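The values are calculated or read from the model by the stated rules, or taken from the named source; none is laboratory data. Everything numeric here is computed off the predicted structure, so don't read it as measured data. As a convention, Cβ positions derive from the backbone with ideal geometry for all residues, glycine included, and neighbour counts pool all protein chains shown. Ligands, DNA and RNA are stripped out before the accessible areas are found, and what is left, the full protein with its side chains, is counted by its heavy atoms. Shrake-Rupley method; radii C 1.70, N 1.55, O 1.52, S 1.80 Å.
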Amino acid sequence: MTAKARARGAPARRTGARGPRGVPLPLLVPALLGLVFLVLPLVALLVRTPWHSLPDQLTSPEVWQALQLSLLCATAATAVSLVIGVPLAWLLARVEFPGRGLVRALVTLPLVLPPVVGGVALLMALGRNGVVGRWLDDWFGLTLPFTTAGVVVAEAFVAMPFLVISVEGTLRAADPRYEEAATTLGASRFTAFRRVTLPLIAPGIAAGAVLAWARALGEFGATITFAGNFPGRTQTMPLAVYLALQSDPEAAIALSLVLLTVSIAVLAGLRDRWMTAS
């Protein structure tokens, strides 16, 4: 038997060090480092939490004021995103039109745009001297910057893409033949959407709404740029954390713990969608 034949018949040798369950060490070590990098700051937050004074910190009027405003604005921003985001997702998923790829890119742009830049863009568009804001002020006496409504606008701007992407993906996965059958039976396209499509994509809408709500709740850059940081009017939880960190670190940690708890609750609510193995 020649050396070449022996090489073909011999089983391949395992090379390289391996960790538990046969995972190669060159992959296992960086993976563990990445896990530690992501988890360590959260553990440090829990370790440094002033548990003895936490009840007093969380029951202070300033915290409740910021928390109530955050919940109100995040919920309102999510509602705005649902009203205009779901139809936009349907348009991108179901209608062929020139420039659809460009429209999709513009819709997802706030995902990668620095939030402060988003706030500046909102000021240029909706500020008192903005492209549209001057007309809102002249015609309706409506001023959005540095108001609670401005907080809602800023949060909706950065959060709505999460909803649109989630709903569009769900629409693309849904079978369009159900809608076609409804229109064949005489239903208008809007009726088919309302009676057939919405029930089919309800889980995707719910997941997108939760993600948008969580993103709106944690918004900082666009909010402070477009709406400012006025207690009781525009100071949401992230802004309160930033302000407290400069004067009262323990209060900042307590506020951060509240936002961390909300984030964990969101993940728990979406565990069937994002945390199950395929």
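Of the peptides 231-241, 85-95, the order by per-residue mean of other Cβ atoms within 10 Å, starting with the highest, comes out as 231-241, 85-95. Shape class for the stretch 68-122, computed from the alpha carbon gyration tensor (a ≥ b ≥ c): oblate, with a/c not under 1.5 and a/b at or below b/c. Each residue of the stretch 72-86 was assigned a 3J(HN,Hα) from its phi angle through the Karplus curve 6.51 cos²θ - 1.76 cosθ + 1.60 (θ = phi - 60°); the sequence is 5, 5, 5, 5, 5, 5, 5, 4, 4, 4, 5, 5, 9, x, 5 Hz, with glycine and proline shown as x.
At a 1.4 Å probe radius, carbon and sulfur cover how many percent of the accessible area of the chain? Could the numbers behind the result be given before it?
Details: 11570 of 16770 Å².
Carbon-and-sulfur percentage of accessible area, whole number: 69.
Peptide packing for 195-204, 47-56 was compared via the average number of neighbouring C-beta atoms within 10 Å per residue; ordered from the highest value, the list is 195-204, 47-56. Judged by the mean number of other Cβ atoms found within 10 Å, the most tightly packed of the peptides 206-219, 162-175, 255-268 leads the ranking 206-219, 162-175, 255-268.
What's the local net charge at Ser81, with K and R +1, D and E -1, over the other residues with C-beta under 11 Å away?
On the way: positive: Arg215; negative: Glu155.
Combined, the nearby Lys, Arg, Asp and Glu give 0.
Per-residue surface analysis assigns Arg134 an accessible area of about 110 Å², computed on protein heavy atoms at 1.4 Å probe radius.
What number comes out for accessible area per residue over the chain if the probe is 1.4 Å? Units Å², please.
60
Against the set [x] 41, 34, 18; [y] 31, 25, 17; [z] 36, 23, 16, the structure's computed semi-axes √(5λ) of the Cα gyration tensor in Å falls on [x].
Here is how the number arises for the chain: DSSP H runs of 4 or more residues each give -39500 (n - 2.57), the sum is divided by the residue count, and the result at 222 nm is -22500 deg cm²/dmol. Highest mobility in the GNM of the chain, judged by mean-square fluctuation with C-alpha springs under 10 Å and restricted to Thr147, Thr191, Thr108, is found for Thr191. Here the Karplus curve 6.51 cos²θ - 1.76 cosθ + 1.60, taken at θ = phi - 60°, turns the phi angles of the stretch 148-160 into couplings of 4, 4, x, 4, 4, 4, 4, 5, 5, 4, 8, 9, 4 Hz, with x standing for Gly and Pro. Where the centre of each part is set by its Cα atoms, how far does the stretch 126-184 sit from the stretch 28-83, in angstrom? After rounding, the separation between the Cα centres reads 26 Å. Using θ = phi - 60° in the Karplus curve 6.51 cos²θ - 1.76 cosθ + 1.60, the 3J(HN,Hα) couplings for the stretch 113-119 round to 6, x, x, 5, 5, x, x Hz; x is entered for Gly and Pro.
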